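Written below as C-alpha cells is the structure these notes are about.
The values are calculated or read from the model by the stated rules, or taken from the named source; none is laboratory data. Since this is a predicted model, take the numbers as computed values, not measurements. For neighbour counting, all protein chains shown are included, and Cβ atoms are generated from backbone atoms with ideal geometry for every residue, glycine included. SASA here: full protein model, heavy atoms, side chains in, ligands and nucleic acids out. Shrake-Rupley method; radii C 1.70, N 1.55, O 1.52, S 1.80 Å.
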Amino acid sequence: MNRATIRPLLGKLGGLLLTLFLASVVIFAALQLTGDPIAAITGGVRPTPELIETIRAQYHLDDPIWLQYLRWLGGIVTGDLGTSFVYKTPVVDLIAPRIGITVLLVLYTVVLIVVFGIGSGILAARRGGATDKAVLVATSVGVALPTFVVAILLIWLFGRELGWFPVYGAGEGLLDNLYHLTLPAISLSVLYIAYLSRITRGAVVAQLGSEHVDTARVRGIPSEQIFRRHVFLNASPQVLSISGATIAGLFAISAIAEVAFGIGGLGSLLTEAAARKDLPVVQVISLMLVALFVVVNAVVDVIIAAIDPDSAKPRRNA
Amino acid sequence: MSVAQLAGGRVPRVARRAAQREWLFIVAAVVLLGIVVMALFGPLLAPYDPDQLFVGPSNGAVSASHIMGTDDLGRDIFSRVLSGAAASVFAPVVVVVLSGVLGATLAVVAAWFGGWVDGVSNRIIDVIFAIPGLVLAILAVAMFGKGLVAPVLALSIAYLPIVSRLVRGGARAELGKPYMAALRIQGVSSGAIAFRHLVPALLPMIIAQSTIGFGYAMLDLAAISFLGLGAQPPASDWGVMISAGQASLLTGAPEQSVFPALLVVVTVLAVNILGARVTAWAEGKDS
C-alpha cells in the first residue's frame, strides 16, 4: 500500500467514526425520548409517586438528554454499561456470558458460508456443464430460503424424524457447543451460501473469459497457477466485499437462529429486552451490533484496497 | 442486515436469468395473482372461522375437510393462512411505498441542490446504512412496543438508503442530459422541470426497485414476527403462524409452520421473477 491508497482510507476512517458517533446518538436518544422506563423498571406494578421520584433519580432520568448521553457514552468507554431495567443487574453481567456462544455461532456460520459458498461457486465456474446446472438449481432455491424457514424445516427433520442433532439449547463445553450449533449455523448459512456461490461463480467466470487469462494460457502457464494467480486473485475483491457484508450482518440476524433453537446468546437477549422494553440492554447490544457491522465492513474495505488499490480511490458516481 | 442491504436492492442474477423464461414468468404472475386475491378476499374465502378453536382435531393432518390440516388448537390452517394474507402482504407494501417515497425525495433533493445538501443527505444515508435493518426494527419495537407498526416504520427507514443511492445516481445522470439544459434555456420553471420531467423519468427505476424491495421486506417482516416482536398471536400473520407451529414440529405435525413458510418462500420467489422483468423494462426505458 502506498500513500495514494492510505489517504482515502484515512478519510474513510474519519467518516466511519462520525457515522458510529451519529448512530450512537440515534440509538440512545430515540429510546431515551420515547421509551417509558418507569413501566419497564417497575414491571407493571403501579408505582407510587415517591417510587417514581426515586427511580427517576436513580437512573438520572431528570437530567437533560445530552448529559444522559454523555454519561452513557462515558460509561461504555470505561466499561460501565448501565443497569438492566428488568433484571436490575449490571448489563455487562447479562452480556458477558452470552457473547461467547453468539461469536461461536457466527464463526461456525462463516466457515460454512465461505467453504460451501465460495467452494461451490468456483466448482460451478470451473467445471461448467452438469455441475454448473446443479449448483444453479440448488442456489436458485437457496436464495429464497430465509433463516426462519430453514430453521423450522431442520427442527422438524432432525428433532422429530432423524434425531442426529439437538434442536434446542447450546450444550456445555466447546465440542458439545459445536454439536448443538450445527443446525442453527446451517439455518443461518443456507441463504448466504447460495448468494455467495452466485457471486463467486459470476466473478470467476468473468475472469476466466478475460484477455489476460487467455494470454496466460497462451504463454503455457499451468492452469492451476493461472487459476490461483490470475483468476481467483482478481475475482477476490468482489467475493470479499460480499463475504464481509454478510459476516458483518450475521451478528444481527443470529438472533433469528438463537430464538428458533433456544440458544441464550446476544441476539435472543436483545429480542427479549426489546419485547420487555429493557432499554439499557437494548441500547448497549444495538450499539455493539452497529459497531461490529461498521468495523467489519471497514476492515474488509481495507483488505480489498490492499488487493486492488483502484477500489480505494473515490468512485466518480458513488 | 438483511439480504436487501447485502444485494443493494439489486435483482439476484439467478432471478434475472429466470425471468427470461416465459413459462416461469407466467407461473410467477399466476402465483402472485393468487396471493393478491388471498390478501384482498382471504377472510371471505376461508372455509372456517380462522379463530374458531377445535373445528378439527389438534394438529390434524391434511384431509379433504382441512386441506392444510389443523393447528395445535384445532384451528383450520387454510382459513388462518387466508385471513393472515392481508397483513403479510400489505405490510411489506407499506414498507416499499414509504421507503420509495422518502428515499426518492431525499435523492432528488440531494441531486438537485448538490453541495452541502448532498453532503448532509449522504451522511444521513451512511448512518442509516450502518444500522442493520433487523437491529433498527428491534430498536423500533423497544420504542413503540410490539406489533407490526414499529417494524414497518423501521424497515421503511432501513430500506431508504438502497432506494436513495440508486435514485440519486439516476437523477444526476438525468440532470446532466442535454434536454434538461434545453428546458432550462427555454425558461421552464424549476418546479416544472423537477415534477414534470425529472421525477417521471426516474419512476421506472423507482418502481423496479420497489418490486424487488417487496420480497425482501416480506422476508424481514416475517422474521420479525417469527421473533415474536411483530404481529402478535392470535393474529394469523404468516410469520406468527410459523413461530407458533414450532412446538408441533416436534410432535410430527409440521403443517402449522410449513404451509405459511411455503407461502412466504413462493411469494418471494414469484416477486423476484416479476421484479427481474420490471427491472429489464425500466432499464430498457432508460436507454
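Once Lys and Arg get +1 and Asp and Glu get -1 on their Cβ, which of A:S24, A:I304, A:P64 lies farthest toward the positive end of the dipole of chain A?
A:I304
With label points built 7 Å along Cα→Cβ from the Cα atoms of A:K133 and A:H212, find their separation and express it in nm.
Label at A:K133, label at A:H212, 3.4 nm between them.
In debye to the nearest 20, how big a dipole does the range A:184-318 give about its Cα centre with +1 on each Lys and Arg Cβ and -1 on each Asp and Glu Cβ? Each step should come with its number before you reach the end.
On the way: 11 positive and 9 negative charges, 61 e Å.
My answer is approximately 300 debye.
Where does helix A:91-112 land angle-wise versus the long Cα axis of chain A, in degrees 0 to 90, nearest 10?
Once rounded, one gets 10 degrees.
Output the peptides B:142-151, B:61-70 sorted from most to least packed, where packing is the average of other Cβ atoms within 10 Å over each peptide's residues. Kindly include the intermediate steps, with their values, before the conclusion.
Values: B:142-151: 20.9, B:61-70: 16.4.
Final packing ranking: B:142-151, B:61-70.
Students often get this wrong: which residues of the range A:75-95 have the backbone nitrogen under 14 Å from the point 7 angstrom along Cα-to-C-beta of A:I38?
Label zone hits: none.
Could you report the buried accessible area between B and A, both sides summed, computed with a 1.4 Å probe and given in Å² to the nearest 100? Provide the component values of the computation, followed by the final result.
Working: alone 13970 and 17330 Å², together 26810 Å².
Chains B and A together bury roughly 4500 Å² of accessible area.
What is the mean projected area of the alpha carbon convex hull for the protein assembly as shown, to one decimal in square nanometres?
Details: hull surface 130.8 nm².
Spelled out: convex hull of the Cα atoms, projected over all directions, averaged, 32.7 nm².
Give me the inter-chain shielding for A:273-284: mean count of other chain Cβ atoms within 10 Å, whole number please. If you can, show how the numbers build up before the last one.
Details: counts 2, 14, 8, 2, 6, 1, 2, 0, 1, 6, 2, 0.
That average works out to 4.
How far apart, in nm, are two points set 7 Å out from the Cα along the Cα-to-Cβ line at A:Q58 and at B:S58?
The two pseudo-label positions are separated by 4.1 nm.
Shielding of B:122-132 by partners, i.e. mean partner chain Cβ atoms within 10 Å per residue? Mind showing how you got there, number by number?
Values: counts 2, 4, 1, 0, 7, 11, 4, 5, 12, 11, 11.
Per residue, the number of nearby Cβ atoms from other chains is 6 on average.
For every helix of n ≥ 4 consecutive DSSP H residues, a contribution of -39,500 (n - 2.57) applies; sum these over chain B, divide by its total residues, and give [θ] at 222 nm rounded to the nearest 500 deg cm²/dmol. Numbers along the way, then the final one.
Details: 13 runs with 206 residues, N = 287.
My calculation for chain B gives -24000 deg cm²/dmol from helical runs alone.
Rounding to the nearest 10 and keeping the result within 0 to 90°, find how far the Cα-based axis of helix A:49-58 lies from the longest principal axis of chain A.
Around 50 degrees separate the two axes.
Kindly write out, for the range A:146-161 in residue order, the coupling ³J(HN,Hα) from the Karplus curve 6.51 cos²θ - 1.76 cosθ + 1.60 (θ = phi - 60°), rounded to whole Hz, with x marking Gly and Pro.
Each residue of the range A:146-161 in turn: x, 3, 5, 6, 4, 4, 5, 5, 5, 4, 5, 5, 8, x, 9, 7 Hz.
Once you charge only the Cβ atoms, +1 for Lys and Arg and -1 for Asp and Glu, what is the size of the charge dipole of the protein assembly as shown about its Cα centre, to the nearest 20 debye?
2280 debye
Counting Lys and Arg as +1 and Asp and Glu as -1, each charge on the Cβ, what is the dipole of chain A about the Cα centre in debye, to the nearest 20?
Magnitude of the dipole: close to 1240 debye.
Can you tell me which aspartates and glutamates have their Cα less than 15 Å from the Cα of B:K177? Leave out same-chain residues fewer than eight positions away.
Filter leaves B:D286.
Choose one of A:I118, B:T279, A:A40: the residue whose Cα lies farthest towards the positive end of the charge dipole of the protein assembly as shown (beta-carbon charges +1 Lys, Arg; -1 Asp, Glu; about the Cα centre).
Result: B:T279.
For the peptides A:22-31, B:130-139, what is the packing order when you average, over each peptide's residues, the other Cβ atoms within 10 Å and list the highest mean first?
Values: A:22-31: 18.9, B:130-139: 26.9.
Taking the mean over residues of other Cβ atoms within 10 Å, the ranking is B:130-139, A:22-31.
Taking the Cα centre of each part, how many Å lie between the range B:101-141 and the range A:81-129?
28 Å
Using 1/(1 + (r/R0)^6) with R0 = 30 angstrom and r between the beta carbons of A:R228 and B:A173, what's the FRET efficiency to the nearest 0.05? Write out the running numbers ahead of the final one.
Details: r = 39 Å, r/R0 = 1.29.
Plugging the Cβ-Cβ distance into 1/(1 + (r/R0)^6) gives 0.20.
From the Cα gyration tensor of chain A, with a ≥ b ≥ c the square roots of its eigenvalues, which class applies: rounded if a/c is under 1.5, or else prolate if a/b is larger than b/c, or else oblate?
Values: a/c = 3.21, a/b = 1.59, b/c = 2.02.
It comes out oblate by the Cα gyration axes.
Could you tell me which of B:P260, B:L102, B:V199 has its Cα farthest along the dipole of chain B towards the positive end, charges placed at Cβ (Lys, Arg +1; Asp, Glu -1), taken about the Cα centre?
The residue sitting farthest along the positive end of the dipole is B:V199.
Return the carbon/sulfur percentage of the accessible area of the range A:100-240, one whole number, probe 1.4 Å, all protein chains in place.
Details: 4280 of 6570 Å².
So the carbon and sulfur contribution to the accessible surface is 65 percent.
What do you get for the angle between helix B:160-175 and the principal long axis of chain B? Use alpha-carbon atoms, 0 to 90 degrees, nearest ten.
The two axes meet at around 30 degrees.
What ranking do A:262-268, A:231-237 get when scored by the average of other Cβ atoms within 10 Å per residue, highest first? Don't jump to the answer; show the numbers that get you there.
On the way: A:262-268: 23.0, A:231-237: 19.4.
Listed from highest to lowest mean packing, they are A:262-268, A:231-237.
Within 10 Å of each Cβ of B:255-266, how many other protein chain Cβ atoms are there on average? Write out the running numbers ahead of the final one.
Details: counts 0, 1, 7, 4, 0, 2, 8, 1, 0, 5, 5, 1.
Averaged over the peptide's residues, the number is 3.
Amide H to amide H, which residues 5 or more places from A:T83 or on other chains are under 5 Å from it, using H placed in the peptide plane?
HN-HN under 5 Å from A:T83: A:V91.
Between B:S225, B:S79, B:S248, where does the largest GNM mean-square fluctuation fall for chain B, given springs only between Cα atoms within less than 10 Å?
B:S248
Could you compute the longest span of chain A free of trypsin sites (Lys or Arg not before Pro) located in DSSP loops and having at most 13 other Cβ atoms within 10 Å, not counting the site residues?
Segment A:89-218 is the longest.
Which aspartates and glutamates, if any, have their Cα less than 18 Å from the Cα of A:K12, not counting same-chain residues under 8 positions apart?
Those aspartates and glutamates meeting the cut-off are A:D301, A:D308, A:D310, B:D118, B:D126.
For chain A, what is the calculated [θ] at 222 nm in deg cm²/dmol (nearest 500), taking -39500 (n - 2.57) for each run of four or more DSSP H residues and dividing by its residue count? Intermediate values should be presented prior to the final figure.
Numbers: 13 runs with 225 residues, N = 318.
It comes out at -24000 deg cm²/dmol, rounded to the nearest 500.
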